Structures are given as C-alpha cells and as structure tokens.
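The values are calculated or read from the model by the stated rules, or taken from the named source; none is laboratory data. In this text, all values refer to a predicted model and were calculated from it rather than measured experimentally. Every residue, glycine among them, receives a Cβ derived from its backbone with ideal geometry; neighbour counts consider all protein chains shown. These area figures cover heavy atoms from the full protein model, side chains too; ligands, DNA and RNA do not enter into them. Shrake-Rupley method; radii C 1.70, N 1.55, O 1.52, S 1.80 Å.
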Amino acid sequence: MPGFEIFGEEERKEVMDVLETGVLFRYGFDNVRQGHWKAKTFEKKLCEHTGAAHAHLCSSGTAALSIALAACGIGAGDEVILPPFTFVATFEAVLHAGAIPVFAEIDETLCLNPLKLQDVLTPKTKAVIPVHMCGAMAHIDKIKDFCDTNDLLLIEDACQSMGASFKGKALGTFGDMGCFSFDAVKTITCGEGGGIITNSANLYERADQYADHGHDHLGGADRGADDHPIIGLNYRISELNAAVGVAQINRLNNILAIQRKNKNIIKEAISDLKDISLREIPDKDGDSATFLSFFLPDETRAQEVKKALADNGVDGCFYWYDNNWHYIRRWHHLKEIKTAARLPFELNYSSIKLPQSDSIMKRTISMQIKLSWTEADIEERIRKIKNALT
Ligand SMILES: *Cc1c(COP(=O)(O)O)cnc(C)c1O
C-alpha cells in the first residue's frame, strides 16, 4: 500500500516550488505564489481520478471523516452504523461529532455485512459508514440500497482504498461523501493529509466552509472579506503536504498497476494451498491490491500459520484479531470509555457481542503487497509462504 516506497525527484520538485515562493498557505497570497496552488491542484486530480464532481483536501483522513459528518449534519445523539474492523479514527470521528457509534457485523469481504444492518437500525439511525478495508470494497451496492430504502446518509471511509472501484465506479462515489487518507502508510501519501469527495454542490460547500473556520471563500484574494455562514474548525492542509501529494497522485496509476501485478502472482501461487480460502472481493477488477487476505479453517490453524509465516521470514503479515488499532476486540479504551474529557452522553460497549465478526477475524491473515519487490523477491516470498503453510 505504500506510496512512501517510491519517493523521489518529483516529490522534491513539487515541494521546492512551495519553498521557493514561501507561500505555505493554501488560500490567498495570489501575487507572490507564482501560480502554485498545490492543494487546489491535488483536488482537481482527485476529481479526475474518482470521477467525483467536488473534492476538498484536508489535514488527515480523520479530519476528512469529521468534515464529512459535519457537512452531512450528523451530530448530537444521532446513531451512526460502523464496522468493528476499521481504524480507530472512524469511531473517534463519530464520537467527536457528538454522535453515537453503533457497530454491525462484517462479512467475508472484511467490510460491513449489508444483511446485518437491519439488526441495529433504530429510529435514531442517521447514517452508515462502511469502511473499504485493506484496499478492496464492501458490498457497496447493497449497502447503498439499504441506505436509500431507510433514508439514511451514506459516508464511505475509503481511507485505505484510494484507486479501488466497484464495477468501474470509484469507491467514495457511492455515498453522499467519500473520505480518503494520505497519511504516511497509505497508497499515496502527503506525509499527513486527507480528502473528501462528493457529487453534491451543497455538501461540498459545507465541507469547504467547515474545514476552514466557516469561511465561505467568496472574498477573493482578501480573506478578511470572507463571510462565515457556519461555525467551523481548522482542518486545513499546508501547501508543503499538498505538494508531496501532487507528485504522489501522479504516480497512482503506476502504483496500482504494480500492486495488482505483484498480488496476482502471489495469489495464483498460493490460492490452491490446503486450508486457504481467499477474502471475498465483490469486484476483483476494482481491487487496489494493497493486501492479499485469506482465511484459515479455524483460529488454532490461523495462529499456527501466523507463527509459521513469521518463523519463515515472511514479513508484512497481519493477524487483525489481535491488533489493537483495527479490531474492536482490543479497543479497551473504547470499551472502558477512556476519554480525555466528559462525553455528552452515557455509552457502554463493555459487553458488545459481534460473534460473526469474531469468527471471521479469528481466521483472517492479511499480507501487505509491496511496490519495491523484484521478481526474485516475489519468488522467494512464495517459496517461504509455501514452506510456512505445509
Ligand atoms: C488511515 C485511516 C483513517 C485515518 O486517516 P489518518 O490520515 O491517519 O487520520 C481512517 N480510516 C481508516 C480505515 C484508515 O485506515
């Protein structure tokens, strides 16, 4: 998944453009910036890549989620349905919006199970946030149908799936808004950065305002002439970070091609091995191929294979069931509601039960796909994986 693997001259050039003008701010300073608008340029490219009508670049993927929630008007006491397999940022953003995270089961796509949303639907449900985990998609068409039927907002957390699509349509464009992360370990990186996309001019306008203290950005070069239609916050990205992102998004197609090629070779080589069944991917052609994920028959075998992979020197393997960033089982801070300050409501996740998600996560191993591997590296890797599994 990592754009950081192929850093180079282009990133340096884009950053130097910014340093040479000294304009690190994304707005204004029109007469000294010598035509360099890195955040704006990135936004245009993000629209081109995803086919979305509007894009707004911000300081992180977490900020993107917060902005999307705010723009969609999700706040005090609203319930938002989320998967228990994600990154902690998804529920953090919901809590900080004053809304209530409600966890629903995942399926073998490793994303929200559309058939299990009904179980947690209440009159307070306002939105669903499916998370397209590990580079590939949820059953997003079915989740969208559920949202349409029940008049719910749909915000896609596509932070891990830049460049992925379902039936030719980019992830992030199925919902009212889509969110991306460009942090240091994502498919492309700004160092720190995030983005939202939407086809709605109204939602875009709200997002653009909220992310910059409510500024309407209608004052032209004079920021002081902007009005503030809403109260916002500061989720701006700096031009330095955006500059890195411009170079990276230019590499995106190349990154995807390499990932897909590398993943395919390994997939072909191991998919027939005893005990392995592959993650369900609703549209294989749309997989961004950052990870190869598979299931073992049971937890004991998964633990055994995890250890054997490590013993054989196969790096970049993840057993999410034990992971404390990505799966609810180890989110003790959430289960004990350890917040820095008092929440506006009482919450209790201490006895939450998600048996289907547990039974899937217990059996899942994911392998990161790297860009820098040579053919010889991949052959060596396949040999080690086969050793570990037999
Ligand atoms: C990385 C990530 C985020 C948050 O992105 P940051 O840019 O690190 O704030 C949100 N959701 C998911 C699923 C992620 O993987």
Go through (1) part of a helix (DSSP H, G or I); (2) open to solvent by 10 Å² or more (accessible area, probe 1.4 Å); (3) modelled with pLDDT of 95 or more; (4) in the same structural domain as Leu69 (by TED's automatic domain parsing) for Arg236 and report which single condition fails.
(1)
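When the residues of segment 309-341 are filtered to those that are among the β-branched types (Val, Ile, Thr) and open to solvent by 20 Å² or more (accessible area, probe 1.4 Å), which remaining residue is farthest from the ligand (Cβ to nearest atom)? Explain how you work it out, then say what you get.
Here is the first cut: in segment 309-341, the residues among the β-branched types (Val, Ile, Thr) are 314, 328, 337, 339.
Next, from what is left, pick out any that are open to solvent by 20 Å² or more (accessible area, probe 1.4 Å): 337, 339.
Details: Ile337: 21, Thr339: 18 Å.
This residue is Ile337.
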Any residue in segment 161-188 that is on the phi > 0 side of the Ramachandran plot sitting within a Cβ distance under 6 Å of a residue that is within 13 Å of the ligand (Cβ to nearest atom) and not in a loop (DSSP other than H, G, I, E, B)? List the pairs, counting only those 6 or more apart or interchain.
Gly172/Glu156; Gly172/Gly178
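Quick grid of which residues meet (1) open to solvent by 10 Å² or more (accessible area, probe 1.4 Å); (2) in a loop (DSSP other than H, G, I, E, B):
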{"position": "Ala289", "(1), (2)": "no, yes"}
{"position": "Phe294", "(1), (2)": "no, no"}
{"position": "Gln303", "(1), (2)": "yes, no"}
{"position": "Lys307", "(1), (2)": "yes, no"}
{"position": "Leu343", "(1), (2)": "yes, yes"}
{"position": "Ser350", "(1), (2)": "yes, yes"}
{"position": "Lys353", "(1), (2)": "yes, yes"}
{"position": "Ser366", "(1), (2)": "no, no"}
{"position": "Ser372", "(1), (2)": "yes, yes"}
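Only one residue in Thr173, Thr122 is in a loop (DSSP other than H, G, I, E, B) and within 30 Å of Asn253 (Cα to Cα), so which one is that?
Numbers: Thr122 fails: within 30 Å of Asn253 (Cα to Cα).
Just one listed residue meets the conditions, Thr173.
Here is a check on your reading of the model: is Asp141 among the acidic types (Asp, Glu), open to solvent by 40 Å² or more (accessible area, probe 1.4 Å) and not in a loop (DSSP other than H, G, I, E, B)?
Values: among the acidic types (Asp, Glu): yes; open to solvent by 40 Å² or more (accessible area, probe 1.4 Å): yes; not in a loop (DSSP other than H, G, I, E, B): yes.
Yes: the conditions hold for Asp141.
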Would you tally the residues in segment 269-287 being part of a loop (DSSP other than H, G, I, E, B), farther than 19 Å from Lys386 by Cα and open to solvent by 60 Å² or more (accessible area, probe 1.4 Å)?
1
Under 7 Å by Cβ, and 6 or more places apart or on different chains, what pairs join a residue from segment 11-26 that is among the basic types (Lys, Arg) with one that is outside any helix (DSSP H, G or I)?
Arg26/Arg236; Arg26/Ile237
